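What follows is calculated from the coordinates using simple rules that are stated; it is not laboratory data. A quick note: this is a predicted structure, and the numbers were derived from the prediction, not measured. Please note: Cβ atoms are built from the backbone with ideal geometry, for glycine as well, and neighbour counts cover all protein chains shown.
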Amino acid sequence: MIIRNQSLRCLSIQKKFELLKIFEVRIGQTICLRIRHKGDRMNIIFYLKLYALTVPIFFVIDIIWLGFVAKKFYRNNLGFILSPDVNWTAAISFYLLYIAGILIFAVVPALEKESLGKALLWGCLFGFFTYATYDLTNMATIKNWPLKVVMVDILWGVFLCSMVASISFLIAKWLS
């Protein structure tokens with residue numbers, strides 16, 4: 001069965017979904033996800049493994065930052081709004097979604113170009129725009145949200161996402 005329309009270039013599926021030939025989802029000219037036939041390195045199993053190996057990388061780096069390096073910084077500057085208890089369901093949900101975003105918007109395009117530099121660049125930009133969105137929105141809507149938190153947090157987002165995207169790219173190369 002072949003389905004064609006503007007958002008899906010070509011979808012070829014056998015009865016049991018075992019011989020999925022090619023599936024491309026495009027946003028403009030950017031490929032977001034590509035799944036090819038069995039045996040190709042760019043398949044669902046490959047990305048699930050990559051995701052599973054990227055999750056602990058992100059957690060380790062971010063926990064070092066939040067739990068040790070910047071713990072006093074955030075407590076001193078945001079103590080007026082911080083909850084005494086972490087909502088772990090919300091935190092873990094955020095992390096799992098955010099890591100998927102790093103893979104989709106930084107690592108996959110870098111793998112398409114086979115470029116560690118692209119992983120670093122796209123990770124950096126992803127971190128910049130997402131952390132800037134969060135911090136500037138907070139600054140606009142929460143009374144006394146400190147400018148220095150905005151600056152430090154955006155720089156942290158750039159560093160974190162560029163490192164995670166780069167390491168994930170290297171893991172992907174290792175997996176293949």
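Annotation for the stretch 74-166: chymotrypsin sites (Phe, Trp or Tyr not before Pro) lying in DSSP loop with at most 16 further Cβ atoms inside 10 Å of their Cβ are Phe80.
Qualifying trypsin sites (Lys or Arg not before Pro) in the stretch 108-160, where qualification requires a DSSP coil assignment and no more than 15 other C-beta atoms within 10 Å, comprise Lys143.
Placing pseudo-labels 7 Å out from each Cα toward the beta carbon at Asp62 and Phe129 gives an inter-label distance of 1.9 nm. Sequentially through the stretch 101-117, phi angles give Karplus couplings (6.51, -1.76, 1.60; θ = phi - 60°) of x, 4, 5, 5, 9, 10, 6, 4, x, 5, 5, 4, 8, 6, 9, 4, x Hz, Gly and Pro residues having no value and appearing as x.
Between Leu97 and Asn76, the modelled labels are 3.2 nm apart [label points 7 Å from Cα along Cα→Cβ].
Remark: Cys124, Cys161 ranked as Cys124, Cys161, counting other beta-carbon atoms within 10 Å and listing the fewest first. Neighbour counting of Cβ atoms within 10 Å sorts the residues Ser83, Ser93, Ser115, fewest neighbours leading, into Ser83, Ser93, Ser115. Going from the fewest other Cβ atoms within 10 Å to the most, the residues Thr137, Thr89 appear in the order Thr89, Thr137.
Lysine pair count for the stretch 45-175 with Cα-Cα distance under 15 Å and sequence separation of 8 or more or different chains is 5. Each part gets one Cα centre, and for the stretch 96-151 versus the stretch 53-70 those centres are 15 Å apart.
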